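Student: Here it is, the structure in full.
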Ligand SMILES: [Fe+2]
């Protein structure tokens, strides 16, 4: 009985700590985390709670295997790493600070590695039970580092120009109004998806943009100018506002036929509407990680399909976007979980072809 309790109590403690941590993470996981640029290697969001639940149990069994033999020598170190693990949830998610989160997880890596080394000297089983946790932490450290560098470090963007155009007065960027009701796209896109994707995620990018732009040389630039000229976190948020504005503007609850001018250009450059749709769908399904699929027009009026990763935007390549599909997981996880293909299929039924044609600069029809 004593032996059983020496396993059970640490496992229960881990589960309790993990449960409290998950409560602290809830709002950030829904509102903030899905709006960040993630590594292409980042697994779907539903993997995380499953992985953590397994790892917490293994973590408890590890110290239990030592306590059951009367060895209490690593209990303090074990409790320390559990505390740092909890602190990581607070810094990264509750405080929404990827930098503090990165520092915390680096400390956790060292603490867990130290535990494993000492545990091997006492009972190999205790060490082996910690190995999956350590490997997962190394992966999480990489993901955290990627998030920090690609969302909050202003030095990463290779496209950026150095001198912004001069602007005379500041602009407050606002949520662009939808041309349809939140529930008008159902059942192809639910009102809950619109509430989150438009009401929380897009609003989050706009709030970040308004906060980040203060006292920078970019104040007062239009969104188009910002997308072409800015870099780092400012670019990410400005481009995500631009991209989402086109995405939501390109949806309609009452889809009509493809207008003649656009259809003519699609048939000319893709062979047929079916072939265009096939190529676009394939590009959307095969885009790795977070990004966007675009129907774009070049300066000669020729149409093509391109994909961009994270927040990147065709304006930076001198192309005119007509239509875009958001394939960030946050665009479809409420309605379709991880099934991107289902989301793409539903989206085809919502495409506003007239809006796409209105954006053509070279309509030869
Ligand atoms: Fe999105």
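Taken together, the values in this text are just the output of simple stated rules run on the coordinates, not laboratory data. Note that the structure is predicted; figures quoted are calculated from it, not measured. Cβ atoms come from the backbone with ideal geometry, glycine included; neighbour counts cover every protein chain shown.
Student: Taking R0 as 56 Å, what FRET efficiency do you get between residue 269 and residue 96 from their Cβ-Cβ distance, rounded to the nearest 0.05? Mind dumping the intermediate values first?
Tutor: Working: r = 44 Å, r/R0 = 0.78.
In this case the efficiency is close to 0.80.
Student: For a quick check: sort 345, 257 by the number of other beta carbons within 10 angstrom, fewest at the front. Each step should come with its number before you reach the end.
Tutor: On the way: 345 13, 257 8.
Ranking 345, 257 by Cβ neighbours within 10 Å, fewest first, gives 257, 345.
Student: Helix 98-122: angle to the longest alpha-carbon principal axis of the chain, degrees 0 to 90, nearest 10?
Tutor: 30
Student: Oh, and also: Hey, can you rank 331-344, 170-183, 55-68, 313-326 by average C-beta count inside 10 Å, highest first?
Tutor: Numbers: 331-344: 17.6, 170-183: 13.3, 55-68: 22.4, 313-326: 19.7.
Packing order, densest peptide first, comes out as 55-68, 313-326, 331-344, 170-183.
Student: Oh, and also: If the chain between residue 210 and residue 118 were fully stretched, how many nm would it gain, using 0.36 nm times the residue separation less the Cα-Cα distance?
Tutor: On the way: separation 92, 0.36 × 92 = 33.12 nm, distance 4.97 nm.
Separation in residues times 0.36 nm, less the Cα-Cα distance, equals 28.1 nm.
Student: Restricting everything to alpha-carbon atoms, can you work out Rg to Rh for the chain with a Kirkwood hydrodynamic radius?
Tutor: That ratio equals 1.07.
Student: Another question, if that's okay. Return the inverse of the average 1/r over all pairs of distinct C-alpha atoms in region 2-151, which is the Kirkwood hydrodynamic radius, in Å to one decimal.
Tutor: Working: mean 1/r = 0.0633 Å⁻¹.
About 15.8 Å for region 2-151.
Student: On a full-extension model of 0.36 nm per residue, what is the gain between residue 71 and residue 219, subtracting their alpha-carbon distance, rounded to one decimal in nm?
Tutor: Working: separation 148, 0.36 × 148 = 53.28 nm, distance 6.18 nm.
Net length gain for the segment: 47.1 nm.
Student: In degrees between 0 and 90, to the nearest 10, how far off the longest principal axis of the chain does helix 232-249 point, with axes built from Cα atoms?
Tutor: With rounding to tens, the tilt is 60 degrees.
Student: Another question, if that's okay. So how do 254, 286 line up by other beta-carbon neighbours within 10 Å, fewest first? Working shown, then result.
Tutor: On the way: 254 8, 286 11.
Ranked by crowding around the Cβ, least crowded first: 254, 286.
Student: If I fit a long axis through the Cα atoms of helix 131-151 and take the longest principal axis of the Cα atoms of the chain, what angle between them do I get, 0 to 90°, rounded to 10?
Tutor: 30
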